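Undergrad: Mind having a look at this structure? Questions to follow.
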Amino acid sequence: MIELPELVAGGLAAGTLSALALGGGLLRSRRQKARLRAEVAELRTQLDGSEGAFISEIEHLAARRMPAAAAQLAHPHLKVPGPVRPNTPGTPTGIALEYVLTALREELTAQRVRIDAAAQAGLRGATREIQAALYRLQDALRGLQQQYDEPELAQTLFALDHENEQSLRRAQVAAVVCGAWVGLAREESHVVDAVTGGQARLAGYDRVKVHNHLESGTALVSHAVEPVAIIVAELLDNALRHSAPDTDVVVNLEHVHHGVCVTVDDAGLGMTQDERARAQRLVAGSDPILLTDLGDPPRMGLAAIGQLTRQFDLGVDVSSPSPYGGVRAVLRVDTHLLARIDPEERPPSVSAARSTRERTARREPVREPAVPTPPPAEPATPTPSAPAPVVPEPVPAASGQEAEHERALGHQEPGDLGGLPRRRRRSRTPAAGAPEQQRAVRRPEEAAAALAALQYGTAAARTPKRASAPESQRTEDEGGAAR
């Protein structure tokens, strides 16, 4: 039998061991709890820091990055700021924020296109109404020019017609930018006539000096005549607006390997590299054109050129400076848009610049021999060996309007002909004893009628023959209101 003291000692030992085990377990649990509390506090601190960083990134996204991304659509040179923390890109938060910006750009682009299309449709309808009204006004002015012969009234009517032509050009450019048809259907015309037609639509057209180096009869196919005239008018308008009023704008028409080039040089301020790059993007016509990208108020000239170059397969380059210090603009018309017209059957208009090739061919003109005057029956003084002198008829000084129209018809002074001889009228020496023939005096009414007829003939020669437009386009222009 086990004695009682031994049992008590064994129980006490077992209790001591149990207490020690329980104390060690309690101590370990307390240490684990303390460690867990530290980890929880650290995680809570990290969570608070992550939440604060995320909030700051969201605030930065709303305040800085999203407005910059929206403005970048209209101004590509602007840069969008990055995240606040440099370690954010590449993380899930950074990827999510970039996705927000991408979705914002796509939605804004879609909304801009939709709103701009609605604005273009409204502007296209308004310009169609304006064009129809201006065409009716033009027909009325032409009718008044034919009805009245008074020189002062005719001059006023021609000035009003020119102002109406400028308004019509602005409405036509706005319609072209909005995707409308050019508004006119023409027959084949000389290239120099298309250039002259574009020049005649501008204020300050007298500053434009055209040098025609094309072969006689070089023409444009019918569907390219009006686009070329519009492009030339816009290029000349830019050159005239951005150059001093006492300088000239030089236009050269030349043959190239793939067609014909119309080069416009001005002596204006020129453009910076960024402005030239933007202008080249507009005239290339490769990117879609939005009205909101054209400024306030919108500057539509280059945008209209871009629309026409894309639609009619033309080429325009404005990337080179002019040797005169301004801008050089080159319009290239390829061979498939060129035609041939017999200059004898259909010569260019009288106001168009003569070809330098024609002047070269006529550099050695045939002089008319002087008609000998028969000797008088009873000469007062015997001069058997001296021929009768040829006395040139005195030319009366032309009035201001007559001189202006004479210059418009191509009459030039000897200094303007590059050294070519000028043909003058001759008169025979009256026989001795014969009564001197008196020159008929023209009445004022006859002079006014002749001047009005001359003005009408000049305007009629400048106006190309109209061709019937397609039925769909005539409906679009309100019954085909064309010149």
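Undergrad: May I ask you to list the residues in the range 350-360 that are over 15 Å from Val228 (Cβ atoms) and either under 26 Å from the mean Cα position of the chain (by Cα) or touching a residue at least 40 places away in the same chain (Cβ under 8 Å) (or both)?
TA: If the condition is that a residue be over 15 Å from Val228 (Cβ atoms) and either under 26 Å from the mean Cα position of the chain (by Cα) or touching a residue at least 40 places away in the same chain (Cβ under 8 Å) (or both), then Val350, Ser351, Ala353, Arg354, Ser355, Thr356, Arg357, Glu358, Arg359 are the ones that fit.
Undergrad: Test Ala21 against the criterion of being open to solvent by less than 70 Å² (accessible area, probe 1.4 Å), touching a Leu at 6+ places or on another chain (Cβ under 7 Å) and of a type outside the set (Lys, Arg), and give yes or no.
TA: So Ala21 fails the test.
Undergrad: For the range 92-104, indicate whether the set of residues that are open to solvent by less than 40 Å² (accessible area, probe 1.4 Å), without any contact (Cβ under 8 Å) to a residue 24 or more places away in the chain, closer than 20 Å to Ile289 by Cβ and not in a loop (DSSP other than H, G, I, E, B) is non-empty.
TA: Checked against the condition, which is being open to solvent by less than 40 Å² (accessible area, probe 1.4 Å), without any contact (Cβ under 8 Å) to a residue 24 or more places away in the chain, closer than 20 Å to Ile289 by Cβ and not in a loop (DSSP other than H, G, I, E, B), the range 92-104 yields no hits at all.
Undergrad: Right, next: How many residues are at pLDDT 90 or above and out of contact with any Leu (no Cβ under 7 Å at 6 or more places or on another chain) when one looks only at the range 333-343?
TA: Number satisfying all stated conditions: 6.
Undergrad: Here's a follow-up. Give me the residue from the range 302-317 that is of a type in the set (A, V, I, L, M, F, W, C) and open to solvent by 10 Å² or more (accessible area, probe 1.4 Å) and, out of that set, nearest to Arg241 (Cα to Cα).
TA: Checking each candidate, the answer is Leu302.
Undergrad: So, of the residues in the range 236-267 that are under 21 Å from His162 (Cβ atoms) and out of contact with any Leu (no Cβ under 7 Å at 6 or more places or on another chain), which turns out to be surrounded by the fewest Cβ atoms within 10 Å (Cβ to Cβ)?
TA: Across the range 236-267, the extreme among qualifying residues is Pro245.
Undergrad: Scan Leu97, Leu108, Leu61 and give me the residue that is closer than 30 Å to Ala180 by Cα, touching a Leu at 6+ places or on another chain (Cβ under 8 Å) and among the aliphatic types (A, V, I, L, M).
TA: Going through Leu97, Leu108, Leu61 in turn, the sole match is Leu108.
Undergrad: What tally of residues in the range 315-351 results from selecting those that are of a type outside the set (Ser, Thr, Tyr) and assigned to a strand (DSSP E or B)?
TA: Total meeting the criteria: 16.
Undergrad: Another question, then. Would you mind stating whether Ala140 is at pLDDT 90 or above and either open to solvent by less than 30 Å² (accessible area, probe 1.4 Å) or not in a helix (DSSP H, G or I) (or both)?
TA: In short, no.
Undergrad: All but one of (1) more than 17 Å from the chain's Cα centre (by Cα); (2) surrounded by 14 or more Cβ atoms within 10 Å (Cβ to Cβ); (3) over 24 Å from Asp193 (Cα atoms) hold for Gly270; which doesn't?
TA: (1)
Undergrad: Could you run through the range 209-230 and say how many residues are open to solvent by 20 Å² or more (accessible area, probe 1.4 Å) and outside any strand (DSSP E or B)?
TA: Going through the range 209-230 one residue at a time, the tally reaches 6.
Undergrad: Also: On the basis of being part of a helix (DSSP H, G or I) and modelled with pLDDT of 90 or more, does Val195 make the cut?
TA: On the way: part of a helix (DSSP H, G or I): yes; modelled with pLDDT of 90 or more: yes.
When the stated conditions are applied, Val195 passes them.
Undergrad: Which members of the range 59-91 meet the condition of being farther than 30 Å from Gln273 by Cβ and surrounded by 14 or more Cβ atoms within 10 Å (Cβ to Cβ)?
TA: Result: His60, Leu61, Met66, Pro83, Val84, Arg85, Thr88.
Undergrad: Then there is this: Name the residues in the range 39-57 that are under 29 Å from Val80 (Cβ atoms), hydrophobic (A, V, I, L, M, F, W, C) and open to solvent by less than 70 Å² (accessible area, probe 1.4 Å), would you?
TA: Once the filter is applied, which keeps residues that are under 29 Å from Val80 (Cβ atoms), hydrophobic (A, V, I, L, M, F, W, C) and open to solvent by less than 70 Å² (accessible area, probe 1.4 Å), the range 39-57 yields only Ala53.
Undergrad: In addition: What is the number of the single condition among (1) at pLDDT 90 or above; (2) hydrophobic (A, V, I, L, M, F, W, C); (3) open to solvent by less than 60 Å² (accessible area, probe 1.4 Å) that Val182 does not meet?
TA: Looking at each condition in turn, Val182 falls short on (1).
Undergrad: Quick check on Arg64: is it part of a helix (DSSP H, G or I) and not aromatic (Phe, Trp, Tyr)?
TA: Considered against the rule, which asks whether it is part of a helix (DSSP H, G or I) and not aromatic (Phe, Trp, Tyr), Arg64 comes out as yes.
Undergrad: Among the residues of the range 201-208, is there at least one that is crowded, with 16+ Cβ neighbours inside 10 Å and part of a helix (DSSP H, G or I)?
TA: Yes, the range 201-208 has at least one match.
Undergrad: Do you know which of the residues in the range 283-301 that are touching a residue at least 24 places away in the same chain (Cβ under 8 Å) and farther than 19 Å from Arg114 by Cα is most open to solvent (accessible area, probe 1.4 Å)?
TA: Residue satisfying both the conditions and the ranking: Ser286.
The values are calculated or read from the model by the stated rules, or taken from the named source; none is laboratory data. These numbers were taken from a predicted model, which means no experiment stands behind them. With ideal geometry, Cβ positions are generated from the backbone for all residues, glycine too; neighbour counts draw on all protein chains shown. Each accessible area value is taken on the protein alone, full model and side chains, heavy atoms only, with ligands, DNA and RNA left out. Shrake-Rupley method; radii C 1.70, N 1.55, O 1.52, S 1.80 Å.
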